[in-house]
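J.: Below you'll find the structure I mean.
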Amino acid sequence: MSQIQIIGGNRLSGHLRMSGAKNSLLPIMTACLMVRGTVYLHDVPKLTDLNQMLHILADLGCTVNQRGATVKIDVDELYTHIIDRQAAPKIRGSIFVMGALLARLGKVELPFPGGCAIGSRPIDLHLTLLRQIGVKCHCHGDTITAAYQPKPHRKPTVLCLDFPSVGATENIIQATALGIAGNTYIIHGVAKEPEVVDLCHFLNQCGAQIHGAGTDTITVHSVTQLHGTTYTPIPDRINTGSYLIAVAATGGDVTLTNTVPVHQINLLNKLKMLGAKITTTKDTIHIIMNRRHAAHFNVHTAPYPGFPTDLQSQFCVLTTLIKGHSIITENLFENRFRYVPELIKLGAKITVTGNQAQITSVPALSATPTPNLCPSSYHIPDPQSCTGTTITAHDLRGGVALVIAALTASGTTTIEHADYIYRGHEDIVKDLRQLGANIVALV
Ligand code: EPZ
């Protein structure tokens, strides 16, 4: 597994452009399976999770070509309804293939999905909704098989999610968007995340008839075919938030471009409470952080537009440095504090009880002092001579939190298992070096 090494203490400054959202592109890529024709996707970052998904599509019969940040997906006939057993368990997004293949082929066989180990990641909400529209689903061992023969119906089918699950919403939208003309599905209690809205925009651009995206109720009028299109996904709001928090932690002056500020309202307001000067335009966010104010946060993660669980670990790092006492309650996933023991190695004062972290601020985080740097390098420590502190990433967002902590810690921090970070960041080392961080990737 690769490593990242950081000598902390540098303020961040400059410009950085955000790329397309991983959590939009995963369901949009599975939705391509429902299309007859060619789809061009722009602003596609080279992420390991997206590469796994493109492999799954190719294995099913799609022709996939990536040139720079543009991916061309040709979908004519699909070879099979059975999902690649190597790739599928590596990503959570593989579960989205269910809805698409049931709509396209009427059958699917796939292993249980993977994803970051932040909880049990069940799929009961997905299967319940699919069964309620008539899908026959069976789970045997670690394999799911499902078959679906939609029947015409005069009255709308009305569904309601027990919880606004992002993935379950995206699956049922795909399963109902392509089917028998005249069939209507009214789905209450859906997820309102921008990535769900993005999927609906993409499908409507392919000829679907989906209304209400971004509200509590989505109405789908099934259509009998979907055509190709060219689409650019929304910018990655979680990576945008991670970089904003990094600047708030290190201090600095950074402009992020290709953003959607309205997706960050919850976080931006918290950063302003801390003394950050933030100005936004339609697609940029400029943050200046000089003197951090004291603050006591009581953060509860929640479905959108609440505070995103995917920024919980990064924000926790920031609260360790804010004068005062903060509480973070994780309401979405049952195992999302695995980064805490790693922060404690850098001197953080955090106690976790159940799904709640109590944070007492410290003047600074610190790794062991750094021995002499290689004189000729760009202040890149000579790995042989460095001691410092080594910490371990356990998942994507927790790994990003460790990077932010290392950026603020004095001394050299080495982060192991950095591969997790590349699931959601094409090149976090290049990005942060561009902003002035003293950071290097070690294989
Ligand atoms: C999506 O995961 C995202 N992943 C996650 O981002 C994100 O944290 C999550 O939504 C919440 O916003 C992708 O889009 C690929 P959920 P998903 O279904 O769909 C429970 C990242 O770092 N649940 O909204 O799996 C579940 O256990 C990742 O980019 C069931 O109980 O999330 C969790 O407690 C991490 N049964 C809660 O709902 C189900 O059938 C939210 O899950 C499905 C979910």
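The values are calculated or read from the model by the stated rules, or taken from the named source; none is laboratory data. Computed from a prediction, not measured in an experiment: that's the story for all the values here. Please note: Cβ atoms are built from the backbone with ideal geometry, for glycine as well, and neighbour counts cover all protein chains shown.
J.: Return the pair list, or none, for Cβ contacts closer than 7 Å from residues in segment 26-38 that are assigned by TED's automatic domain parsing to the domain that holds LEU54 and under 9 Å from PHE96 (Cα atoms) to residues that are buried (at least 24 other Cβ atoms within 10 Å of the Cβ) and among the β-branched types (Val, Ile, Thr), at least 6 apart or on different chains.
T.: Here the result reads THR30/VAL97, each pair linking segment 26-38 to a residue that is buried (at least 24 other Cβ atoms within 10 Å of the Cβ) and among the β-branched types (Val, Ile, Thr).
J.: How many of the residues making up segment 148-177 are more than 16 Å from the ligand (Cβ to nearest atom) and either outside any helix (DSSP H, G or I) or not assigned by TED's automatic domain parsing to the domain that holds ARG92 (or both)?
T.: Number of matching residues: 11.
J.: All but one of (1) in contact with a helix residue (DSSP H, G or I) (Cβ under 8 Å, 6 or more places away or on another chain); (2) assigned to a helix (DSSP H, G or I) hold for HIS293; which doesn't?
T.: (2)
J.: Let me spell it out: the conditions are (1) in contact with a Lys or Arg (Cβ under 7 Å, 6 or more places away or on another chain); (2) more than 16 Å from the ligand (Cβ to nearest atom), and TYR304 meets all of them except one. Which number is the exception?
T.: (2)
J.: Is it the case that some residue within segment 167-179 is surrounded by 17 or more Cβ atoms within 10 Å (Cβ to Cβ), charged (D, E, K, R) and touching a helix residue (DSSP H, G or I) at 6+ places or on another chain (Cβ under 9 Å)?
T.: Looking for residues that are surrounded by 17 or more Cβ atoms within 10 Å (Cβ to Cβ), charged (D, E, K, R) and touching a helix residue (DSSP H, G or I) at 6+ places or on another chain (Cβ under 9 Å), one finds at least one in segment 167-179, hence yes.
J.: With the structure loaded, tell me whether PHE337 is buried (at least 18 other Cβ atoms within 10 Å of the Cβ), more than 10 Å from the ligand (Cβ to nearest atom) and closer than 24 Å to SER165 by Cβ or whether it fails that test.
T.: Spelling it out, PHE337 is indeed buried (at least 18 other Cβ atoms within 10 Å of the Cβ), more than 10 Å from the ligand (Cβ to nearest atom) and closer than 24 Å to SER165 by Cβ.
J.: Which residues, counting only those in segment 416-443, are in a strand (DSSP E or B) and closer than 22 Å to MET18 by Cβ?
T.: Hits for segment 416-443 are ILE439, ALA441.
J.: Moving on. Looking at segment 319-336, which of its residues are assigned to a loop (DSSP other than H, G, I, E, B) and under 21 Å from LEU244 (Cα atoms)?
T.: ILE322, LYS323, GLY324, GLU330, ARG336 - these are the residues of segment 319-336 that are assigned to a loop (DSSP other than H, G, I, E, B) and under 21 Å from LEU244 (Cα atoms).
J.: Turning to a different aspect of this structure: Looking only at segment 180-195, which residues are part of a helix (DSSP H, G or I) and surrounded by fewer than 24 Cβ atoms within 10 Å (Cβ to Cβ)?
T.: Passing the criteria: only PRO194.
J.: For the condition farther than 26 Å from GLY207 by Cα and away from the ligand (no atom under 16 Å from the Cβ), what is the one hit in GLY37, GLY9, GLY61?
T.: Step by step, each of GLY37, GLY9, GLY61 is checked, and only GLY9 is farther than 26 Å from GLY207 by Cα and away from the ligand (no atom under 16 Å from the Cβ).
J.: Next question, about the same structure. Here are the criteria: (1) surrounded by 15 or more Cβ atoms within 10 Å (Cβ to Cβ); (2) within 16 Å of the ligand (Cβ to nearest atom). Tell me which single one VAL75 does not satisfy.
T.: (2)
J.: Which condition number in (1) of a type outside the set (Asp, Glu); (2) surrounded by fewer than 17 Cβ atoms within 10 Å (Cβ to Cβ); (3) outside any helix (DSSP H, G or I) is the one that ASN269 fails?
T.: It is condition (3) that ASN269 fails.
J.: Can you work out which of the residues in segment 80-98 that are among the β-branched types (Val, Ile, Thr) and not in a helix (DSSP H, G or I) is farthest from the ligand (Cβ to nearest atom)?
T.: Checking each candidate, the answer is THR80.
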